1. Could you check how many residues of region B:1-49 are under 18 Å from the mean Cα position of the chain (by Cα) and within 14 Å of chain A (Cβ to nearest Cβ)?
2. How many residues does region B:91-100 hold that are over 10 Å from residue B:57 (Cα atoms), at the interface with chain A (Cβ under 10 Å from one of its Cβ atoms) and assigned to a loop (DSSP other than H, G, I, E, B)?
3. Out of the residues in region A:94-106 that are under 14 Å from residue A:121 (Cβ atoms) and crowded, with 16+ Cβ neighbours inside 10 Å, which is nearest to the other protein chains (Cβ to nearest Cβ)?
4. Kindly evaluate residue B:88 against the criterion of being assigned to a loop (DSSP other than H, G, I, E, B) and more than 14 Å from chain A (Cβ to nearest Cβ).
5. Determine whether residue A:49 is away from every other protein chain (no Cβ under 14 Å), surrounded by fewer than 13 Cβ atoms within 10 Å (Cβ to Cβ), touching a residue at least 60 places away in the same chain (Cβ under 8 Å) and not in a loop (DSSP other than H, G, I, E, B).
6. So, in region B:68-81, exactly how many residues are within 25 Å of the chain's Cα centre (by Cα) and either within 14 Å of another protein chain (Cβ to nearest Cβ) or in a loop (DSSP other than H, G, I, E, B) (or both)?
7. Any residue in region A:114-132 that is away from chain B (no Cβ under 14 Å), farther than 25 Å from residue B:138 by Cβ, at pLDDT 85 or above and not in a loop (DSSP other than H, G, I, E, B)?
8. Take residue B:142 and decide whether it is within 22 Å of residue B:44 (Cα to Cα), away from every other protein chain (no Cβ under 14 Å) and without any contact (Cβ under 8 Å) to a residue 40 or more places away in the chain.
């Protein structure tokens with residue numbers, strides 16, 4: 001029996017995921033209230049790194065909006081500052097900020113944040129800030145495991 | 001002052017440097033520069049002719065002007081965080097200008113200086129001083145602020161046939177070596193004066209402070225193959241500039257002139 005041959009299918013590129021490297025998430029397109037979907041088997045391992053350049057402004061900007069269950073955000077100032085960061089939406093005045101000032105020695109500062117939280121930034125001069133966003137797979141899996149256990153217990157208790 | 005004025009943000013945006021270097025030729029003592037960056041250390045740069053500079057910064061504790069100054073020199077930098085006030089509050093008074101960090105020479109440069117006895121037909125060539133100052137965005141690993149030695153070497157004299165004056169800035173140099181040899185067939189006159197500039201307040205000259213001159217090498221004529229050599233140290237004096245006269249009956253004589261200046265004695 002001759003082997004059957006499948007007709008050639010037109011090749012289609014898989015849909016390209018939007019790159020987040022080098023581009024801080026736009027807070028207007030991020031929904032902090034969306035339902036958390038946590039996978040136990042496929043932890044998120046994507047690492048983002050970029051340089052954020054501040055401008056001299058009296059405004060406070062959103063540096064990052066967490067769009068994953070748990071991430072570690074590491075910030076390091078490469079220039080003289082002053083650069084204030086924090087979870088408050090208003091960080092002015094920078095020199096007496098309610099947030100924290102990034103040390104001008106270049107020493108990194110680390111935040112562990114959960115999905116939906118934001119990190120804000122403000123400066124009165126032009127500065128370079130390196131940003132590294134790392135996932136926390138073990139914390140993500142732990143959260144997923146606890147969620148699964150909680151949902152199972154809840155389902156058992158809800159049975160008549 | 002060179003135009004456009006150097007932008008202190010360019011090293012951050014374009015070059016990813018951790019310092020802003022202002023290296024420019026000044027035109028007058030009134031030249032003033034500003035920076036929008038924060039400095040952790042400010043020092044005189046290695047190529048600077050200017051030995052002393054002022055760093056002015058916004059200081060909310062120093063009213064009513066809110067401006068404080070720190071003088072740095074070839075032996076002393078300014079260590080500490082100086083924030084430029086670029087937006088919002090932090091205004092110098094009474095001007096109401098943003099409290100950016102200002103950098104300007106303390107040493108006096110007289111662009112109109114003419115040596116005593118200068119007359120019609122004489123020529124003067126000025127080496128305008130270089131203002132080299134470095135603003136570090138982070139504390140540098142070492143605080144070496146000394147300047148490099150400055151070396152001038154001439155193999156041909158000026159082309160003018162009258163008195164030809166050359167002005168070499170030497171602010172803060174505590175040791176100098178001057179060596180001159182006439183290699184032209186005709187006799188050449190050579191003279192060196194040390195000059196300290198003053199801010200001349202205007203005319204009439206008799207009522208205005210005048211630049212001071214000190215004879216370092218007296219005027220003398222040297223035949224071919226002859227010359228003079230002299231070491232000038234701080235016991236003789238420190239000067240703002242050297243005024244060197246090279247005069248001959250022909251234009252552009254062949255000479256050998258070496259001037260070496262140093263911040264350190266030998």
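1. 1
2. Step one: of region B:91-100, the residues over 10 Å from residue B:57 (Cα atoms) are B:91, B:93-98.
Filter once more, keeping what is at the interface with chain A (Cβ under 10 Å from one of its Cβ atoms): B:98.
If we keep only those that are assigned to a loop (DSSP other than H, G, I, E, B) as well, we get none.
Selection size over region B:91-100: 0.
3. Residues of region A:94-106 under 14 Å from residue A:121 (Cβ atoms): A:94, A:97-102.
Going one step further and asking which of them are crowded, with 16+ Cβ neighbours inside 10 Å, we end up with A:94, A:97, A:99, A:101-102.
Values: A:94: 9, A:97: 12, A:99: 16, A:101: 10, A:102: 12 Å.
If we take residues in region A:94-106 being under 14 Å from residue A:121 (Cβ atoms) and crowded, with 16+ Cβ neighbours inside 10 Å, then A:94 is nearest to the other protein chains (Cβ to nearest Cβ).
4. Details: assigned to a loop (DSSP other than H, G, I, E, B): yes; more than 14 Å from chain A (Cβ to nearest Cβ): no.
So residue B:88 does not fit the description; no.
5. Details: away from every other protein chain (no Cβ under 14 Å): yes; surrounded by fewer than 13 Cβ atoms within 10 Å (Cβ to Cβ): yes; touching a residue at least 60 places away in the same chain (Cβ under 8 Å): yes; not in a loop (DSSP other than H, G, I, E, B): yes.
It is true that residue A:49 is away from every other protein chain (no Cβ under 14 Å), surrounded by fewer than 13 Cβ atoms within 10 Å (Cβ to Cβ), touching a residue at least 60 places away in the same chain (Cβ under 8 Å) and not in a loop (DSSP other than H, G, I, E, B).
6. Taking region B:68-81 as the starting set, the residues that turn out to be within 25 Å of the chain's Cα centre (by Cα) are B:68-79.
Now restrict to residues that are either within 14 Å of another protein chain (Cβ to nearest Cβ) or in a loop (DSSP other than H, G, I, E, B) (or both): B:74-75, B:77-79.
Residues in region B:68-81 being within 25 Å of the chain's Cα centre (by Cα) and either within 14 Å of another protein chain (Cβ to nearest Cβ) or in a loop (DSSP other than H, G, I, E, B) (or both): 5 in total.
7. Here is the first cut: in region A:114-132, the ones away from chain B (no Cβ under 14 Å) are A:114-121, A:131-132.
Next, only the ones that are farther than 25 Å from residue B:138 by Cβ stay: A:114-118.
Okay, now just the ones that are also at pLDDT 85 or above, so A:114-118.
With not in a loop (DSSP other than H, G, I, E, B) added as a condition, the list becomes A:114, A:118.
Yes, some residue in region A:114-132 is away from chain B (no Cβ under 14 Å), farther than 25 Å from residue B:138 by Cβ, at pLDDT 85 or above and not in a loop (DSSP other than H, G, I, E, B).
8. Numbers: within 22 Å of residue B:44 (Cα to Cα): yes; away from every other protein chain (no Cβ under 14 Å): yes; without any contact (Cβ under 8 Å) to a residue 40 or more places away in the chain: yes.
Taking the combined requirement at face value, the residue satisfies it.
The values are calculated or read from the model by the stated rules, or taken from the named source; none is laboratory data. None of these values were measured; they are calculated from a predicted model. Glycine gets a Cβ as well: all are built from the backbone with ideal geometry, and neighbour counts include every protein chain shown.
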